[in-house]
Each structure stands twice: as structure tokens, then as C-alpha cells.
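See below for the structure under consideration.
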Amino acid sequence: MPQTKRLNYLLLLVLLISAFIRCGVAVYVQRQLDRQPDRTYVIEGDAEGYWKLAQTMKHGEPYSIYTPPRRVLRMPGFPVVLAGAMSVVGESHARVRLVLALLGVVTCFVVYLLGKELVNETVGVLAAGLSAVSPVMAGFSVLFLSETVFALTMLISLWVLVKLSNIKWESTDRNRGILWSLLAGVSLALAYYVRPSWLLVVPLVVAFYILSARGHRKAAVQRALVLLAGFTLMLLPWVIRNYQVTGHFVPTTLWAGPSLYDGLNPRATGDSDMTFFDQEHVLDSMTEYEMNQHYTQRAVAYAKQHPGHVLQLMAAKLLRYWKPWPNAAQFQSWWMMLAVSVVFVPVMVFAVYGAWVSRNQCLLLLMTTGPILYFSLIHLVFVSSLRYRLPAEYSLYILSAVGICQLYVSRFQKKEIHP
């Protein structure tokens, strides 16, 4: 059987395994919750908020929740996905979980596409396989949380950026380069609509793109401007809507301030504890915009006055981010910790080896290690946990697959893998 055909069959098998695991987890999670009448979500708070926002969209109501109304609490990307699922299968938690499970399968497929584009089909299939059997990835894919959908949109944006990077600078490819630059801007915006912290990637991509274009600076600037135009056009509806409801320019959300204060306050530990928000009732006397500014200023002031505690918190957050097992108390059972660690530790070892053998391949290293290091830095400031690392693990698995393949090739004295 030809190698390509064999890999296609393996990919199909990987996707079927991914679907089987995720649908099974969806059924299991829903049954466990059904046995607890006083509990609706695995992780309360965020999940309930996303679900209610999705319901407002489906019913054509104003995009807000709580009293006083919170109109710019969350980016609309994930609620749009939930609302779309509700429109197809109804407002059933069980059925919507199955839709999210299938999106998890699509995410594994995009891992394959990115791995294939960066290295080759073998690496792509293996990386998709690692993603398919990951307990954490399977578990989070059926929760009403944005991690898996963000991973999907982020991976698509990375794949588009790789496709763009592979287009030559010659004038014959000018139109193709412009098209993929526009798609890059759009795909980055889609990921941003799910997770606003992805915003800082845009200037980093533009700077890298221009600086790395030796001898083709004019064409690089042109493509960068098209990318920025695509991103800006996608962002405009959200910015205009926010200005209409708040009277202010708000490109992200008005929850960044409380989130920042959650990570930088006298009682901060690196874990999330938003009880201060419920206790202080600042929205009784402030607008949503003023509240966001209020907590941002308090967090910055505390950081300036207590640099020693900030450094301690950074160390604690770094540990929480990279810890092989979950941080949350509800996931501290020995079998959960073991299942997560048994996958994550070897994956990291293979990723380190993959990075070493690929140390001269800048694009590969950027696309695989860049996201996980980027979010590691972000969450030195905000609260941190495995949950915030999870989306970036998908692209890291490509580097793990490179390490595994390289060891296999070395052992059996086969030809070295090259992208």
C-alpha cells in the first residue's frame, strides 16, 4: 500500500478514535451531572455565563447578563458557537456537548493540517493522534468553556500564517500573497473573538513578518498592511457595538480589570478567587467601563507598591501553568492526576527533543512553542492554571511528534525527516 494512502487510513482511524473518546466523555459528564440535581456545570461561573449569553443570542435578546447588566463581559466568539449549536440541536446540555465533542474532532484534524504543512504527513497524523487520546483535551472539549474552540481557531490562524510564509515574494505570487494575508488577518480575528488575549499576537506577527523579509521589505509591508486591514475589518463590528452600549472605545471586554486584580491583590495566590467582586458591589455605583478602570488601577497600584509579592505570585503562577496535573481541587483525585501526567510528561520530553533536532527551523519552532510560551508570559500577570495552557498544547504536540519520529528514524536507521 502506498505511504500516502496508508497515512490517510491512519488519519481516519485517529479521527474516529477522537470522536469515540469525546462522545463517550460527553455522555459520561452529562450523566454525572444529572445525578447531582444541585449542579449544572462541571466548572460553574464561566460555563453558566457562556450558556446564558448564547441563549440571549439564540432568542434575539440584547447581548448581556446579570443585574446590573453586563454588556461587555465576554467576547462573543464562543457564545456564537453555543448559540449555533442550540439552533440546530436545541437547548439541551447533552446534545450541545456532543456538538462540542465533534468540534474537538475537527480540532484534531487541524492539528494534522498544521503538522503536515510544517513538517510532513507522518508528523501531522502522529500529532493528531496525540491530541485525540489526550485526557485533558478530550475532557475540556465537552465542557461549556472556550478552550477547545479557541484552540481550533488559533490552530487555523497558525495554519494560514504558515501557508502565507511559504508563498514566495516574486511578483507572480503577488495576488496569492495578498489573498493569504487577508485570510491571515481574518483568521487571527476569529481566534481573538474567542480569546481576547490573542490580540498581542497580531503586532508580533507583523513585526516578525517585516523583519524576516530580507530584500523584500516592500512586499512584506504590503502583505502586513493587508493582514492588518483584514483583522481590523473583522474587529469593527465588535468595537462599534461596544461604543454604542458604553460610549467608549473597547476593543476587548470590560472584564480585563477584575481579571487583572484577581491576579494582583493582597490575597492573590495565583489561583482565581473572584469573591472580592461579589463582596464589593462596585457596579452599584459605577458603570461597567468605570468598574473595569477601577480594578485595573487598583491592580497596577498594588503591583507598584508590592514588587516582592508580585515576584512570588509570578513564581506561583509559573508553577501552576506548567504543573503536569490539574490545580483545581475537584480534579485532584489520584486517577485524574495520573492520567493527565502520564500523557503530559512524555509529550513534553518528546517536545524538548523535537525542539533540539529542529533548532535550525525557525518557523517550526515559532508555531509550536510560540503559543505555549506566549500564554505562559501572559499568565505570569493574570491568574494561572492548566486550563490556560491547554489550547497551546495542541500545536506543541506537533513538536512532540517530530521528536518521536526522529527517535524512530534514528533507531531503525531510516532517512532523516525534513519539512
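The values are calculated or read from the model by the stated rules, or taken from the named source; none is laboratory data. Since the structure is predicted, the reported quantities are computational estimates derived from the model, not experimental observations. Glycine gets a Cβ as well: all are built from the backbone with ideal geometry, and neighbour counts include every protein chain shown.
Condition (residue is free of Cβ contacts under 8 Å to residues at least 24 places away in the same chain, within 26 Å of Asp46 (Cα to Cα) and among the hydrophobic types (A, V, I, L, M, F, W, C)) applied to the stretch 320-328: is it met by at least one residue? No, there is no match, as no residue in the stretch 320-328 is free of Cβ contacts under 8 Å to residues at least 24 places away in the same chain, within 26 Å of Asp46 (Cα to Cα) and among the hydrophobic types (A, V, I, L, M, F, W, C).
Do we have Ala54 as under 28 Å from Gly139 (Cβ atoms), modelled with pLDDT under 95 and assigned to a helix (DSSP H, G or I) here? Taking the combined requirement at face value, the residue does not satisfy it.
State all residues of the stretch 281-319 that are of a type outside the set (S, T, N, Q), surrounded by 13 or more Cβ atoms within 10 Å (Cβ to Cβ) and under 26 Å from Val245 (Cβ atoms); if no residue qualifies, say none.
Those that are of a type outside the set (S, T, N, Q), surrounded by 13 or more Cβ atoms within 10 Å (Cβ to Cβ) and under 26 Å from Val245 (Cβ atoms): Val282, Leu283, Met286, Glu288, Tyr289, Glu290, Met291, His294, Tyr295, Arg298, Ala299, Val300.
Residues checked against (1) surrounded by fewer than 20 Cβ atoms within 10 Å (Cβ to Cβ); (2) of a type in the set (Ser, Thr, Tyr); (3) free of Cβ contacts under 8 Å to residues at least 40 places away in the same chain:
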| site | (1), (2), (3) |
| --- | --- |
| Tyr50 | no, yes, no |
| Thr67 | yes, yes, yes |
| Ala85 | no, no, yes |
| Leu113 | yes, no, no |
| Glu117 | no, no, no |
| Met154 | no, no, no |
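Annotation: Gly177 fulfils all but one of (1) touching a Lys or Arg at 6+ places or on another chain (Cβ under 6 Å); (2) within 18 Å of Val110 (Cα to Cα); (3) surrounded by fewer than 23 Cβ atoms within 10 Å (Cβ to Cβ); the unmet one is (2). All of (1) surrounded by 18 or more Cβ atoms within 10 Å (Cβ to Cβ); (2) in a helix (DSSP H, G or I) hold for Thr172 with one exception: (1). Taking first residues from the stretch 188-211 that are outside any helix (DSSP H, G or I) and partners that are among the hydrophobic types (A, V, I, L, M, F, W, C) and modelled with pLDDT of 95 or more, the Cβ contacts under 6 Å between residues at least 6 apart in sequence or on separate chains come to Arg195/Phe150. Out of Val201, Val205, Val149, one residue alone is among the aliphatic types (A, V, I, L, M), assigned by TED's automatic domain parsing to the domain that holds Val29 and under 28 Å from Lys52 (Cα atoms). It is Val149.
Residues checked against (1) at pLDDT 95 or above; (2) under 26 Å from Gly84 (Cα atoms):
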site	(1), (2)
Gly129	yes, no
Ser141	yes, yes
Phe144	yes, yes
Val149	yes, yes
Leu152	yes, yes
Val160	yes, yes
Thr172	no, no
Arg176	no, no
Ala184	yes, yes
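Within the stretch 20-29, restricting attention to residues that are crowded, with 18+ Cβ neighbours inside 10 Å and not β-branched (Val, Ile, Thr), the residue that is nearest to the chain's Cα centre (by Cα) is Arg22. Selection of the stretch 121-164 for residues being more than 13 Å from Val343 (Cβ to Cβ) and either outside any helix (DSSP H, G or I) or polar (S, T, N, Q) (or both) yields Thr122, Ser141, Val142, Leu143, Phe144, Leu145, Ser146, Thr148, Thr153, Ser157. Can you tell me which residue is farthest from Arg387 (Cα to Cα) among those in the stretch 27-46 that are part of a loop (DSSP other than H, G, I, E, B) and of a type in the set (Val, Ile, Thr)? Ranking the candidates gives Thr40 first.
Between Thr275, Thr252, the distinction of being of a type in the set (Val, Ile, Thr) and exposed (fewer than 13 other Cβ atoms within 10 Å of the Cβ) belongs to Thr275 only. What about Asp271, is it of a type in the set (Asp, Glu) and within 21 Å of Val72 (Cα to Cα)? For Asp271, the condition - of a type in the set (Asp, Glu) and within 21 Å of Val72 (Cα to Cα) - is not met.
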